[in-house]
Structures are given as C-alpha cells and as structure tokens.
1. Within 10 Å, count the other beta carbons around each residue, average over each peptide in 223-235, 113-125, and list them highest first.
2. How big is the range 72-271 along each principal axis, measuring the range of its Cα positions in Å and listing the largest first?
3. Please give the charge dipole size of the range 72-271, origin at the Cα centre, charges +1 on K and R Cβ atoms and -1 on D and E Cβ atoms. Round to the nearest 20 debye.
4. Have a look at P239, L193, A76 and report the one farthest towards the positive end of the charge dipole of the range 72-271, computed about the Cα centre with Cβ charges (Lys/Arg +1, Asp/Glu -1).
5. Give, as a single signed number, the net charge of other residues whose beta carbon lies under 12 Å from the beta carbon of V165, with Lys and Arg counted +1 and Asp and Glu -1.
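Please treat every number below as a calculation from the coordinates, not as lab data. Treat the numbers as computed from the prediction; the structure is a model and nothing was measured. Cβ placement follows ideal geometry from the backbone for every residue including glycine, while neighbour counts extend to all protein chains displayed.
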Amino acid sequence: MDQATYQGIALDADTALALLDWQLEMGCDVPMTDAPIDRFDLPARVAPTAPPLVLEAPSLGAATEPDDLAARLAEAGALAAAAGDLAALAAAQEGFDGIELKKGARNFCFADGNPAARVLILGEAPGDEEDRQGRPFVGRAGQMLDRMFSAIGLARDAVDAERAVYITNVLTWRPPGNRDPSPDEIAVSLPFLRRHIELAQPDLIVLMGNIACQAAIEKRGILRLRGQWVQAFGRPALPMTHPAYLLRNPAAKRDAWGDLLSLQERLESLSV
Ligand code: URA
C-alpha cells in the first residue's frame, strides 16, 4: 500500500489498521455506504450562490414536514390503533417512515419468541447481530438472556405459553454505533409498543435496563429500580438489570437471580 498522510500522520498499513481498530472500539462497526468513498479524489464542492428557490407554498392537506414530531406521533398513533393483530402491527410499524433510524438499519426487528407467552421481555434496541438477523436479543446479551430465563424454566422457543417468553424492544431499528435512543425516537416508537403489548396481552412484563424503564415508567436508575414491582402498560412489571450489564459485571448476577425468582413466584401466584 502506498504511504499517504492523514492530518500529518504517516498512514502506512499498520497505522491505517490501528485507526480502524480504534474506530471499531468506539462503536463504528458499520460503514455508512456499501461502496468505499475515496475522499482524496472528490470533485471540489461549488459554494451555493443563492438560497434555494421556494417554488410553491404548501397547500392545505400537503404531506407533513418529516421533522414535525407532532405529526409523526399522530401518524404512529393512527397506524398502531388501526392494527388488528400482531402481523398487521408489524407491517404498519415497518412501513412507518417517521423514524430516521430506519434509513441506516439493515433489518426491522419486531419480536421473537411465543406471542402467547405469559411473560413479555422488553429490551432497548437491536444491536449489530439483531440488525443482521432481524430478531431481538440474538447476540451475546441475547444468549445470556436465554440462559437467565432457562434457569426458571422459560424459553423463547417453548410452544406451551406457560413455559414461553415473548421478546421485543422499545426500538425496532438499530441506533448507529449502539448509542442510546433519543427521546424523540422513543416517543414515536411508543404508540406501536403500547399496541404491541395490548395485542400480545402478557400477564407480566420484564423491563430490561434503563431504556425500557424510561419508555415504560419514565424513570431511570436501574440499579435502584431493579427487583421492585411496578405497573407498566396496565400490567405488573419487573425492572431488571440488562443481560449486557451482567456480562460486564458478573457480581450483579446474584441480584438478577433474586429478581428471576421473584418473577417465578409472581407467575405462580397469578396462576392459582
Ligand atoms: N440489547 C437489547 O436491549 N435488545 C436487543 O435486542 C439486543 C441487545
């Protein structure tokens, strides 16, 4: 490879690889375009000489501005309300263009597991592996989640609703670099999530981590909230530490185990 310079740094193969490693560590694991762009060979930009012309005033009833949050919320609410079952809801949410994340994501990630399950697990948003597969919680955190729930006899692939879990996220599109969802992204996703829970009708909800708590009960501080039952979406809900947090902090597994036992006990008490 020819040696070039980038901001005064000699960019030989080793340096270029080290820069790429650093970008990966910072979370830049997805290129923004399919084909590489040679930024040393871009045509010079021509500065605009005049502001763009406004050709027509918008007529009454014209399409809403894409950055108009109120209009996007109204559209999300109307689409969600019109969905009579989960398949219709998934189609409506996937078709909704009022969330920018859709443009950068690979796949729509609606839900996984058994929709008839008594327990619904609410996570935060798809990560890289979920974005590739179009299913929530299929990466390392997802494997951890499966192990946690199998310890109390529950599984996403169980046919029996008593033994099953149903899994979804606050967001159905991956935020770039796994950043936290913005308040607007949560707000436009909420009408779909509310309808999702209304249609699935779980007995209990597990709120996995801060973003799920923020969306469901408008609170953050998972280490204080975890293990205490609350009401969310009209049902009993249990905040728990996210499996990704448990992977980084194995000492927190002891509390998480206590929370799983609390969930099991609540399920049993609701059955009698
Ligand atoms: N973390 C989440 O909260 N949800 C996923 O689907 C994957 C990781």
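1. Per-residue mean Cβ counts within 10 Å order the peptides as 113-125, 223-235.
2. In descending order, the Cα extents are 41, 35, 29 Å.
3. So the magnitude is around 500 debye.
4. P239
5. That works out to -3.
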